[in-house]
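The values are calculated or read from the model by the stated rules, or taken from the named source; none is laboratory data. For clarity, every value in this text was computed on a predicted model and none was experimentally measured. Cβ coordinates were reconstructed from backbone atoms using ideal geometry, including for glycine residues, and neighbour counts include every protein chain displayed. With ligands, DNA and RNA removed, areas are computed over all heavy atoms of the protein, side chains included. Shrake-Rupley method; radii C 1.70, N 1.55, O 1.52, S 1.80 Å.
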Amino acid sequence: MVEGKINKIHGWAAMKPGIKVEPWSYTPRPLGENDVEIKIDYSGICGSDLHTIKQEWGGTSYPAIVGHEIIGKVITKGEKVSEFNEGDLVGVGAQVFACHRKDCSPCSNNLDPHCPRGVFTYNSKYADGEQAQGGYAEAVRVDSKYVFHIPSSIDPSHAAPLMCAGTTVFAPMLRKGVKKGDKVGIVGIGGLGHLAIQYARALGAEVYAFSHSPNKRDQCLELGASKFILTSNKDEVDAQRHTLDYLFITSNSKSNQYNEFISWMNFEGTVVLLALPEGHMTFSPFEFVFNEVAITGSLIGGVNIIKQTLEFAHKHNIRPIIEKYPIDDVNNALQRMDDGKARYRIVLTH
Ligand SMILES: [Zn+2]
Ligand SMILES: [Zn+2]
């Protein structure tokens, strides 16, 4: 049996609810025959990291090392791993295990994030009861099925946000079939939204970026939006009523007006929720019935989608706009993210 190289993984863990992580180390799981051990170089900060350390989604098991936009190099691999070699540049996203059995309905339908035996990258437990720990750390050991080669054209620090944010926005575009000429709205121009504009545009869609921040106008147009709509400007918003084929909601702001959002949809349009706002959403039934609008949600992306996300970014030159912070400064980076000041994604450098 191959042994892992790092016997104690040092990282930064949340010890209790709040926006604070502190040095903490853990003994990793034994290196399985299908596992790889990765020395981490970069870790993106995702909104989910904040929700988890603040325990906003409930059930955080502390100590928790978050981070699921991991980029690093393979330093050890189990004896059955043929896909990777030592030194390969790789990424890990928000999931580290699924069963991939033929009799598993989600796994056999490319919906492995919904596998009942699935394990997320952090705050999630393996079948043996051990807790998965994420990327704000020097290393991680995971099943090689959830490890991905990074195209050499993509700077490793830029690849980090593609592992979760990029995949999360691209997954529903692929599955719902967004295509050339479709009118696609994006609500919320942040970590997810600024990538959603680029992916939708590269699929050939006309992209409409909705934001309450007028200073994001130029950036949205540069990223490929056909039009920027300031949500506080009634004329700009009125011009969009009943026009959109798809609307991707990436914002979980308490001020979101879901009824208003739905009024932008064309007949048989589809609203896709990518954020998890607290509490319940309310809207009138009339838009659904009279305009036959559908509403759905989407959770990250499985193995095949992550591969396509990276390949498509390589092919169409899709890159996140990032701010880099040294991992030692992780608490300031988390605070900046929580304050909504990051433009548009923060990547920790290890
Ligand atoms: Zn994420
Ligand atoms: Zn499964």
At R0 = 35 Å, FRET efficiency that the Cβ-Cβ distance of residue 149 and residue 276 yields, to 0.05
0.70
Under 1.5 on a/c is rounded, so check that first for the range 87-132, then, if it is not, pick prolate when a/b is larger than b/c and oblate when it is not; a ≥ b ≥ c are the square roots of the alpha carbon gyration tensor eigenvalues.
oblate
Pop the C-beta distance of residue 7 and residue 232 into the FRET formula with R0 = 51 Å and round what comes out to the nearest 0.05.
0.40
Please calculate how many Å² of accessible area the range 248-350 carries per residue, with a 1.4 Å probe and no DNA, RNA or ligand atoms counted.
51 Å²
Rounded to two decimals, the Rg over Rh value of the range 215-350 from Cα coordinates and the Kirkwood Rh reads 1.00
Expressed as a whole-number percentage, the relative contact order of the range 67-161 with C-alpha contacts under 8 angstrom and at least six residues apart is 31 percent
What's the ranking of 138-145, 320-327 by average number of surrounding C-beta atoms within 10 Å, highest first?
138-145, 320-327
Express the accessible area of the range 84-188 per residue in Å², computed with a 1.4 Å probe while the remaining protein chains stay in the model.
37 Å²
Hits in the range 57-73: amide N under 19 Å from the 7 Å Cα→Cβ extension of residue 349, namely 69-73
If you line up the Cα atoms of the range 1-132 on their principal axes, what length do they span on each, largest first, in Å?
41, 36, 25
Could you give the accessible area per residue of the range 1-83, probe 1.4 Å, as a whole number in Å²?
44 Å²
Stretch residue 79-residue 267 to full length: gain in nm at 0.36 nm per residue minus the Cα-Cα span?
62.3 nm
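Below 12 angstrom from the Cβ of residue 269, what's the summed charge of the other residues (Lys, Arg +1; Asp, Glu -1)?
-2
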At 1.4 Å probe size, with the rest of the protein present, what percent of the exposed accessible area of the chain is carbon and sulfur atoms?
49 percent
